[in-house]
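Take a look at the structure set out below.
The values are calculated or read from the model by the stated rules, or taken from the named source; none is laboratory data. Please read all numbers here as calculations on a predicted model, not as lab measurements. Note that each Cβ is placed from the backbone with ideal geometry, even for glycine, and that neighbours are counted across all protein chains shown.
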Amino acid sequence: MRKKIKKFIAIFAVFLLLLPVVNVQPILAESTLEDGEYTIDFRVLKNGTDDISTMDGYTVKPAGLTVQDGKTYISVTLKSSEWIKTFQVERNGEYVDAEVVSVNEEENTRVVKFEVDDLTKKLNVQTRVSVPGVYDTIHTVQFQFDVQSVAPVQTEPPGEGGQAPENPGQGGEDPDEPALGETEPGPQPGEGDQGGQPGEQLQDGEYTINFTVLKNGTDDISTMDGYTVKPAGLTVQDGKTYISVTLKSSEWIKTFQVERNGEYVDAEVVSVNEEENTRVVKFEVDDLTKKLNVQTRVSVPGV
């Protein structure tokens with residue numbers, strides 16, 4: 001059984017992402033679009049090539065597409081916003097700043113909006129990416145839009161007459177009973193006689209644990225917090241405690257070392273998923289109530 005215990009605070013370096021979901025119906029992109037709101041897929045390409053750029057991973061897909069008075073506008077959500085210092089699109093041979101629609105400091109994202117004359121052509125975009133202490137460069141990339149993916153955003157609620165069904169999936173069963181495919185939730189940490197409170201001796205087994213990545217020497221959230229998948233895995237075996245963390249953008253994270261007895265040692269690599277660009281690292285922790293120093297080398301190739 002996997003159990004949860006309270007927050008484990010660590011200091012190590014490394015992103016995350018939640019894609020918005022909308023109900024859409026595909027349409028023919030070749031036809032002239034009426035005024036309205038749509039979505040459109042896209043790729044970010046390395047300058048002058050058809051190869052996917054690292055910058056592609058800094059964007060949320062699909063993009064928003066707005067048609068208004070015969071003009072077409074694209075809205076893109078940028079991740080790791082504080083690293084992307086500028087975002088400019090080419091207009092009439094010059095690079096101009098995209099409009100900043102909104103900024104979400106908590107999720108470290110921002111939405112930028114810009115006009116596009118022809119969705120079938122690649123669009124030149126220039127950005128300045130600055131990773132503190134690691135990387136600071138201006139790059140040119142191309143945005144390539146998939147006109148076949150254009151779909152209108154549905155604003156009506158699902159179901160006949162715009163009315164969503166009550167208790168979907170329960171089919172009139174007793175609402176106090178779990179629906180098909182669900183299980184009754186077990187006791188939460190600290191409830192009943194389950195134990196699992198920080199500071200108590202955990203029995204051998206598999207657990208999960210939440211954590212926060214902090215900037216060195218502070219209690220401020222590090223940008224690298226977004227490079228990790230939460231919660232972490234916690235394994236107790238023969239009285240020893242091990243943490244397993246999934247790192248995103250794995251190819252950028254060249255080393256991942258934890259402090260042990262005053263020295264930094266490589267964490268064990270449990271697995272690597274090249275398709276998703278992630279890897280799982282595992283390391284021993286002596287005291288979950290204390291901050292853990294972790295040192296990484298991050299190398300972002302030309303985007």
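Looking across the stretch 266-283 at every residue that is surrounded by fewer than 15 Cβ atoms within 10 Å (Cβ to Cβ) and more than 21 Å from the chain's Cα centre (by Cα), the one that is farthest from Lys215 (Cα to Cα) is identified as Val270. Within the stretch 82-106, the set of residues being within 17 Å of Ile138 (Cβ to Cβ) and under 22 Å from the mean Cα position of the chain (by Cα) comprises Glu82, Trp83, Ile84, Lys85, Thr86, Phe87. As a summary of the residue check, Thr72 satisfies the conditions (1) modelled with pLDDT of 90 or more; (2) within 27 Å of the chain's Cα centre (by Cα) except for the one numbered (2).
Filter the stretch 114-129 for residues that are hydrophobic (A, V, I, L, M, F, W, C) and part of a strand (DSSP E or B); which is surrounded by the most Cβ atoms within 10 Å (Cβ to Cβ)? Before you say what the answer is, go through the steps one by one.
If we filter the stretch 114-129 for residues that are hydrophobic (A, V, I, L, M, F, W, C), which is where we start, we get 114, 116, 119, 123, 125, 129.
Imposing the further condition that a residue be part of a strand (DSSP E or B) reduces the set to 114, 123, 125, 129.
On the way: Phe114: 21, Leu123: 19, Val125: 24, Val129: 21.
Only one residue fits best here, namely Val125.
Report yes if some residue within the stretch 46-66 is aliphatic (A, V, I, L, M), in contact with a Pro (Cβ under 9 Å, 6 or more places away or on another chain) and under 21 Å from Val300 (Cβ atoms); otherwise report no. Within the stretch 46-66, one or more residues are aliphatic (A, V, I, L, M), in contact with a Pro (Cβ under 9 Å, 6 or more places away or on another chain) and under 21 Å from Val300 (Cβ atoms).
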